[in-house]
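The next block holds one structure in the form of structure tokens; read it before the comments.
The values are calculated or read from the model by the stated rules, or taken from the named source; none is laboratory data. Owing to the predicted nature of the structure, the values given are computational and were not obtained by experimental measurement. Here Cβ is always computed from backbone atoms with ideal geometry, including for glycine, and neighbour counts include all displayed protein chains.
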């Protein structure tokens, strides 16, 4: 596991039964591991933003695959985090519109 912690508590103050435990990267996609052993994968920032919106509540860890993304189907090591950041910004914009 990576030492990076993504904290989105400020975005979703509500308690949820199903939430993201940790985030990884594989085959050029982000993989969200939920607390109920479900995995959600996508490379589409809009879908990732929806996953963040629906399941993010607690702090969760990023696996080392996020730091070494080029070994997991991304063009560069920082590409997976850039994809996550893009989706997080999109999620923030969508939440302001609602």
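At a glance:
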| read-out | value |
| --- | --- |
| Residue within region 73-92 that is modelled with pLDDT under 90, on the phi < 0 side of the Ramachandran plot and in contact with a helix residue (DSSP H, G or I) (Cβ under 7 Å, 6 or more places away or on another chain) present | yes |
| Breaking point among (1) more than 19 Å from residue 93 (Cα to Cα); (2) modelled with pLDDT of 80 or more; (3) surrounded by fewer than 16 Cβ atoms within 10 Å (Cβ to Cβ), for residue 22 | (3) |
| Selected residue (only one of 74, 84 is crowded, with 16+ Cβ neighbours inside 10 Å, closer than 23 Å to residue 16 by Cβ and in contact (Cβ under 8 Å) with a residue 24 or more places away in the chain) | 84 |
| Of all residues making up region 38-71, the number that are part of a loop (DSSP other than H, G, I, E, B) and touching a residue at least 12 places away in the same chain (Cβ under 8 Å) | 8 |
| Candidates 42, 64, filtered to the one that is touching a helix residue (DSSP H, G or I) at 6+ places or on another chain (Cβ under 7 Å) and surrounded by 14 or more Cβ atoms within 10 Å (Cβ to Cβ) | 42 |
